[in-house]
1. So which of Tyr360, Tyr290 ends up being touching a Gly at 6+ places or on another chain (Cβ under 8 Å) and surrounded by 24 or more Cβ atoms within 10 Å (Cβ to Cβ)?
2. Could you run through the stretch 329-353 and say how many residues are assigned to a loop (DSSP other than H, G, I, E, B) and either surrounded by 20 or more Cβ atoms within 10 Å (Cβ to Cβ) or of a type in the set (Gly, Ala, Ser) (or both)?
3. Only one of Thr99, Thr91 is within 25 Å of Cys320 (Cα to Cα) and at pLDDT below 80; which?
4. Among the residues of the stretch 410-432 satisfying the criterion of being of a type outside the set (S, T, N, Q) and not in a loop (DSSP other than H, G, I, E, B), which is nearest to Asn389 (Cα to Cα)?
5. Inspect all residues belonging to the stretch 232-249 and state whether any of them is buried (at least 18 other Cβ atoms within 10 Å of the Cβ), modelled with pLDDT of 80 or more, more than 19 Å from the chain's Cα centre (by Cα) and not assigned by TED's automatic domain parsing to the domain that holds Tyr360.
6. Could you list all residues from the stretch 17-61 that are without any contact (Cβ under 8 Å) to a residue 12 or more places away in the chain and at negative phi?
7. Determine, yes or no, whether Val402 is crowded, with 19+ Cβ neighbours inside 10 Å, aliphatic (A, V, I, L, M) and not in a loop (DSSP other than H, G, I, E, B).
8. Filter the stretch 399-447 for residues that are within 16 Å of Val380 (Cβ to Cβ), modelled with pLDDT under 90 and under 34 Å from the mean Cα position of the chain (by Cα) and give the result.
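The values are calculated or read from the model by the stated rules, or taken from the named source; none is laboratory data. Owing to the predicted nature of the structure, the values given are computational and were not obtained by experimental measurement. Here the Cβ positions follow ideal geometry from the backbone for every residue, glycine too, while neighbour counts run over all protein chains shown.
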Amino acid sequence: CYTVNGEDYRGQQNQTSVHGGKPCLFWNETFQHPYNTLKYPNGEGGLGAHNFCRNPDGDVQPWCYIADQEDGTYWKFCEIPSCQNVRHIYTKKKTIIPTVKYGGGSVMVWGCFAASGPGRFAVINGTMNSAVYQKILKENVRPSVCDLKLKRTWVLQQDNDPKHTSKSTSEWLKKNKMKTLEWPSQSPDLNPIEMLWHDLKKVVHARKPSNVAELQQFCKDEWAKIPPQRCNRLIASYGKHLIAVVAAKVPGILGCFKDNGDPPPLSKSYQTSQKLTVQSCISLCRNQRYKLAGMEAGYACFCGNELDYHLHGDAPSLECSHGCFGDQQQPCGGDGHVIVFDTKVGACGGNYTAESDVIYSPDFPDKYAPGRVCYWTIQVPGASVILFNFTFFNIMDQADMVELLDGHTNQVVARFNGRNPPREIANISTDFVILYFYSDRTNQAHGFSMIYQAHCVFINAGDVEKRSQYAVPLPAEPSQTKQTSCNISVFL
């Protein structure tokens, strides 16, 4: 716990909440911000080569810098109990401003903004329900549209709170001709206004309100001061955020998992980077001979060999849609959620013996490097046909190519490049295939992902005995002699 405002707190909590909070950045990696070890090299304020929560600026309680995909990093208070039992309210609802330092209390507020600047701001008294929400919309949305000089094509974005999606609210919006942006259910709130709430909380707490009335007034004052440039930057970066959501379905992901903190989903190795990409994390873990790589909050990379699925549990892919700091179009987990990959993804070569598996181009999903020469062997004893399906194919030109060879004869069976992409499933009647990839030293692209499946079927006296879950049934023939018919296919 901490006393007073926590300036003397020296505990080791390194995330904003012990229950799935956001990981803190290391103080020796925050040189672009006022509080870092370069400016305070002698441990002033408890800063050092660690990422523990601290209060170096005399704020109301300990805090830390955390990751944010739009602006690099930002701050958040740490949920640490006060030794004096000073009551604070913490909630995921963006409209709750935490309690003042003395006396307790909180305020619930509503606000809106567009690329041209902040709109109307309202303090909510009492309980929020559908009727209250509709009254707020009536009194504030259209006046904001007029104040901000928006065109007729404006759209209202709101989250899936039951008050926002209730039957009465939906009918009210339709009656008042307010078009809303539809958002999938059970998805996280990606509304960019979330960043403005963080800004507002920071500046309001810096003014140290001593009662609820001051808190309300400070909120109104600071909301009006939000610069239009800040709003414009948030809207400009929103497209990248949505791209990251879509990218969360890229091939190679084993899943999105909750980070409960103790223990973390992957606990063997840990590293942070402001230039993190999916492949840089995978390569780090693969080079250390780990089987799994996980990314969290856009900048944190975890490695390990096992994942406790029961303890951490699957989460919706949208929870892992935070863009990587090194490439905003790639998914690098989320706040309190880790996206996990097999470290075979993006390896330059490998040996495969399973009946079915997925192979990726080197450095995938990053662009493949220049001058790459990689090969993979696919050898499934007893198979007669292997099928190859390229689910993704992005090769730059004819100088970069993919080849499939019969492993027994080294004969090229199929060759693909930027001008001759695969257009159908390739199948090779053998149990041994070699896959080659070449890239020149000029232009690069994102490469390929490919599924192979080996097939083998035995026919015995009119009955089909499946040797593989991918078996292809063949017509039965009247024979007392067991015959073998196996296929290896490639699917596109």
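1. After applying the criteria, what remains is Tyr360.
2. Counting residues in the stretch 329-353 that are assigned to a loop (DSSP other than H, G, I, E, B) and either surrounded by 20 or more Cβ atoms within 10 Å (Cβ to Cβ) or of a type in the set (Gly, Ala, Ser) (or both) gives 9.
3. Step by step, each of Thr99, Thr91 is checked, and only Thr91 is within 25 Å of Cys320 (Cα to Cα) and at pLDDT below 80.
4. Applying the first criterion (of a type outside the set (S, T, N, Q)) to the stretch 410-432 yields 412-416, 418-419, 421-426, 428, 431-432.
Then drop every residue that is not not in a loop (DSSP other than H, G, I, E, B), which leaves 412-416, 426, 428, 432.
Details: Val412: 17, Val413: 15, Ala414: 12, Arg415: 14, Phe416: 13, Ala426: 7, Ile428: 12, Phe432: 16 Å.
Only one residue tops the list, namely Ala426.
5. No, every residue in the stretch 232-249 fails to be buried (at least 18 other Cβ atoms within 10 Å of the Cβ), modelled with pLDDT of 80 or more, more than 19 Å from the chain's Cα centre (by Cα) and not assigned by TED's automatic domain parsing to the domain that holds Tyr360.
6. Start the filter on the stretch 17-61 by keeping residues that are without any contact (Cβ under 8 Å) to a residue 12 or more places away in the chain, which leaves 31, 36, 38-39, 41-43.
Those that are without any contact (Cβ under 8 Å) to a residue 12 or more places away in the chain and at negative phi: Phe31, Asn36, Leu38, Lys39, Pro41, Asn42.
7. yes
8. Of everything in the stretch 399-447, just one residue is within 16 Å of Val380 (Cβ to Cβ), modelled with pLDDT under 90 and under 34 Å from the mean Cα position of the chain (by Cα), namely Ala426.
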